[in-house]
Amino acid sequence: VKIGPKLSDPKAFGDPTPYNIMFGPDKCGYTKRTHLIFNYKGKNVLKKSDLAYKQENDGTSHVYRLVLKPDNTARVEIDQEKIYEGSLKEDWELLAAKEISDPADKKPSDWVDDSMMDDPADKKPDDWVTEKRIVDSAAKKPDDWDDEEDGEWEAPMIDNPEYKGDWSVKRISNPAYKGFWEAKKIANPEYVDDDNLYKYDDFGFIGFDLWQVKGNTIFDNVIITDDVAEADAFAKKWKVLSEVETAKKKEGDDKKAEEAKAASDSKKDDDDDDKDDSDDE
């Protein structure tokens with residue numbers, strides 16, 4: 001759902017329509033999350049980490065609740081269960097970073113980045129064999145070999161039993177290693193604090209911007225209010241509906257399970273009858 005400033009032409013509402021807040025379940029392929037996007041100075045900003053997705057295909061109604069507070073915190077509830085509560089300043093990149101890397105700070109030329117180094121004392125043993133294949137010394141030229149007809153005879157190659165593999169120098173800790181270098185931090189001259197992130201000048205529309213690959217999804221009972229008690233009372237309507245839906249769904253699931261069991265038992269009986277007929281023959 002999108003809520004935003006008043007539209008001059010509500011019929012023009014669609015994907016490109018500017019909005020203040022977008023909130024609700026989002027499923028696209030294997031990606032599933034609950035969206036909460038805030039528009040700040042013309043930019044739509046996603047939460048740094050996704051909110052949990054609770055809109056499973058269970059065929060019952062769900063209630064989504066967003067509480068936006070003057071202390072620039074937000075709380076998200078799904079089916080009256082809190083799934084998130086936190087700071088707009090910390091969990092969305094609405095403001096520029098307080099600190100940035102100092103562009104004038106350069107890594108020293110003698111800075112050592114490698115934590116490990118070749119051991120200068122490690123030498124390849126003199127008897128280390130690196131040849132994988134050798135000439136078979138036991139091979140003899142066949143008596144009937146004709147150099148003129150068959151060409152010059154060469155002994156075949158065989159695997160070298162002394163082969164030890166590729167030799168590599170041992171690695172040791174580098175005593176000159178100074179760790180990972182990063183530029184020092186300085187105050188960001190573009191950072192400007194804003195204690196009114198939560199606040200929007202105008203709310204004039206609410207709209208559902210939908211992409212669906214299957215039907216039978218219903219959206220209703222929407223409320224925008226600054227009265228907590230009013231919102232609580234509104235949520236109770238869902239609670240009553242949910243209890244009825246859950247009970248009806250259980251009845252339906254139980255009935256389907258019984259029908260599936262009966263069909264399975266019937267098939268088993270048929271299979272047993274076929275086996276008995278086969279035994280009689």
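The values are calculated or read from the model by the stated rules, or taken from the named source; none is laboratory data. In this text, all values refer to a predicted model and were calculated from it rather than measured experimentally. Glycine also receives a Cβ, built like all others from the backbone with ideal geometry; neighbour counts cover every protein chain displayed. All accessible areas refer to the heavy atoms of the entire protein, side chains included, with ligands and DNA or RNA removed. Shrake-Rupley method; radii C 1.70, N 1.55, O 1.52, S 1.80 Å.
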Limited to segment 179-213, what total is found for residues that are in a loop (DSSP other than H, G, I, E, B), within 31 Å of the chain's Cα centre (by Cα) and among the β-branched types (Val, Ile, Thr)?
1
Go through segment 44-85 residue by residue and tally those that are among the polar types (S, T, N, Q), at pLDDT 95 or above and within 16 Å of VAL1 (Cα to Cα).
1
Subset of segment 18-61 that is of a type outside the set (Asp, Glu) and closer than 20 Å to LEU241 by Cβ - its residue that is most open to solvent (accessible area, probe 1.4 Å)
ASN57
In this structure, is ILE172 outside any loop (DSSP other than H, G, I, E, B), modelled with pLDDT of 95 or more, over 33 Å from the mean Cα position of the chain (by Cα) and farther than 30 Å from ASP102 by Cα?
yes
Here is a list: VAL222, VAL192, VAL228, VAL244. Which entry is among the β-branched types (Val, Ile, Thr), open to solvent by 70 Å² or more (accessible area, probe 1.4 Å) and at pLDDT 95 or above?
VAL192
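For segment 18-50, what are the residues that are hydroxyl-bearing (Ser, Thr, Tyr) and either touching a Ser or Thr at 6+ places or on another chain (Cβ under 8 Å) or farther than 21 Å from ASP220 by Cβ (or both)?
Residues satisfying the conditions are TYR30, THR31, TYR40, SER49.
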Quick check on my filter: what residues within segment 195-213 are in contact (Cβ under 8 Å) with a residue 40 or more places away in the chain and open to solvent by 90 Å² or more (accessible area, probe 1.4 Å)?
ASP195, LYS199, ASP201, PHE203, TRP211
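The rows are residues; the columns are (1) in a loop (DSSP other than H, G, I, E, B); (2) open to solvent by 40 Å² or more (accessible area, probe 1.4 Å); (3) not charged (D, E, K, R).
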| residue | (1), (2), (3) |
| --- | --- |
| ALA74 | no, no, yes |
| PRO103 | yes, yes, yes |
| VAL112 | yes, no, yes |
| ASP144 | yes, yes, no |
| GLU148 | no, yes, no |
| GLU162 | yes, yes, no |
| TYR177 | yes, yes, yes |
Tell me, which residue of segment 116-142 that is charged (D, E, K, R) and open to solvent by less than 60 Å² (accessible area, probe 1.4 Å) is modelled with the lowest pLDDT?
ASP136
Could you check, for segment 214-225, whether at least one of its residues is part of a loop (DSSP other than H, G, I, E, B), among the small types (Gly, Ala, Ser) and touching a residue at least 24 places away in the same chain (Cβ under 8 Å)?
no
Top-ranked residue of segment 76-92 - restricted to ones that are out of contact with any Phe, Trp or Tyr (no Cβ under 9 Å at 6 or more places or on another chain) and among the charged types (D, E, K, R), ranked as surrounded by the most Cβ atoms within 10 Å (Cβ to Cβ):
LYS89
Segment 25-42 residues that are at positive phi, paired with ones that are open to solvent by 60 Å² or more (accessible area, probe 1.4 Å) (beta carbon under 9 Å, 6 or more apart)
GLY42/PRO18
